[in-house]
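See below for the structure under consideration.
The values are calculated or read from the model by the stated rules, or taken from the named source; none is laboratory data. Just so we're clear, the structure is a prediction, and the values are computed from it rather than from any experiment. Reconstructed Cβ throughout: ideal geometry from the backbone, glycine too, with neighbour counts over all protein chains shown.
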Amino acid sequence: MRTPRAGWGRLSVTLLAVALGGAGCKCIMANTGDMMADYTVEHLNPFMIGFGDLGMACELAQSVGGQLLSFERITDAPNKAAVGVMASAGICAEVEAWDAELSSLRALKRGDAPGAKDGRLAEKRKHAVAAWRFKKAGEYLAKAYPVKAGECPELETTEDEFTWLMGNIAAVQAVQHDRVVGGAVGVPLDLPRQAARNVRCVNNEKWWGVPAALEAAVWTGIPGAAPEGADPWGQMAKASAEGKQTGVRLALAIRAQAAAAAGRMDEVRTIIREFKAAGAEFQPPARWLLMDRNAEAQLLALSDRLWTEATGHRTPEGALGTFWDDEVEAGGDDDLLDDLGGAAPTDEAPAADGGADE
């Protein structure tokens, strides 16, 4: 006959084994999370930036970003890695907002009021998603580099500098997208001023003129933000001219977005032409290919908006840097409809019976 003491002993051993097994499992998961965070910063992000596929980068962030971020439940939060994850995911929503805007503009062009309104509503929804994601990127940045306002963090590596720069750009983007939806996301309005100060912590020449361009862009968007005697538009022009020679045309994209926000659409067209010409003259460094591709996507979105407002369709393939009202060389044809199939129109009238000869 078994004694109660023996039964309790076996139960204690069993509970101890379960507890140790659970602790071991959690330890394994924590180590996995730490390795994933380090891998993302040291290998995945640099690879994707050099690979240059913007769509893959944002889709990757959307698909596996949540898994990476969830490790903050069992180990140190992957704050540095999270900055890039949320900023990249924000780009996905941003691109969808651009497409919804074009849908609305096309409907407006053809007199479809309900379609135009529906497209505008869809656009606002995507702007809200982008605002939230870019806002989270800024929040993770503050956790990764906790410093007092106006102070610079210790940026020990190039990856640290890049994360700092991208996180501050994301903070500005969060405010821009939130403005479209009337502040529904609740992004703090002081983020652009903070970002303008923060980007001074990295070298302007090393980072393609982007810090100076971003700072000046913030000045143009906030009345009274520019220091006395500052020339925001002149500073952006100088920064973008210097930046394009590096092959990364991101400062040009920032300048174009600022001009569009200020309603300076003639200048936007000039910048788009300058952007296209720079791409033919200067090649982006392989390490930073994605950053130039991101800039191109932003300029193409602005071009698409202009083309759609004027013609009802987006920029024709390979036509970035040109516009519908450019002079056409003698003998040139508009081949926009060539891809739609069917025979090209001729000057001959069709036969009355449908074209069959008797």
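Listed by first and then second residue, the pairs linking a residue in segment 158-174 that is touching a residue at least 24 places away in the same chain (Cβ under 8 Å) to a residue that is in a helix (DSSP H, G or I) and of a type in the set (Val, Ile, Thr), with Cβ atoms under 7 Å apart and 6 or more places separating them unless they lie on different chains, are 159/41; 163/83; 165/199; 165/210; 166/83; 167/83; 168/199; 172/218. Counting only residues that are assigned to a loop (DSSP other than H, G, I, E, B), closer than 16 Å to residue 93 by Cβ and of a type in the set (Asp, Glu), segment 171-213 holds 0 of them. Within segment 94-105, residues that are within 14 Å of residue 128 (Cβ to Cβ) and in a helix (DSSP H, G or I) sit with their Cβ atoms under 8 Å from residues that are modelled with pLDDT of 95 or more and of a type in the set (S, T, N, Q), at 6+ positions apart or across chains, in these pairs: 94/173. Exactly one residue among 89, 113 is of a type outside the set (Lys, Arg) and within 29 Å of residue 160 (Cα to Cα), and that residue is 89. For first residues located in segment 212-230 and over 19 Å from residue 150 (Cα atoms), partners that are crowded, with 23+ Cβ neighbours inside 10 Å and modelled with pLDDT of 95 or more and lie 6+ apart or on another chain with Cβ distances below 6 Å form the pairs 220/258. Annotation note: of 280, 226, 217, the sole residue that is among the small types (Gly, Ala, Ser) and closer than 25 Å to residue 322 by Cβ is 280. Scanning segment 130-148 turns up no residue that is modelled with pLDDT under 95 and under 21 Å from residue 259 (Cα atoms).
Screening the candidates 70, 63 for the property of being surrounded by fewer than 23 Cβ atoms within 10 Å (Cβ to Cβ), under 19 Å from the mean Cα position of the chain (by Cα) and farther than 27 Å from residue 257 by Cβ yields one hit, 63.
For first residues located in segment 300-318 and in contact (Cβ under 8 Å) with a residue 40 or more places away in the chain, partners that are part of a loop (DSSP other than H, G, I, E, B) and crowded, with 19+ Cβ neighbours inside 10 Å and lie 6+ apart or on another chain with Cβ distances below 9 Å form the pairs 304/314; 304/315; 305/314; 306/315; 308/314; 308/315. Scanning segment 245-277 for residues that are in a loop (DSSP other than H, G, I, E, B) and under 15 Å from residue 221 (Cβ atoms) yields 262, 263, 264.
Might you let me know whether segment 255-271 holds any residue that is more than 18 Å from residue 176 (Cβ to Cβ) and touching a residue at least 40 places away in the same chain (Cβ under 8 Å)? Among the residues of segment 255-271, at least one is more than 18 Å from residue 176 (Cβ to Cβ) and touching a residue at least 40 places away in the same chain (Cβ under 8 Å), which makes the answer yes.
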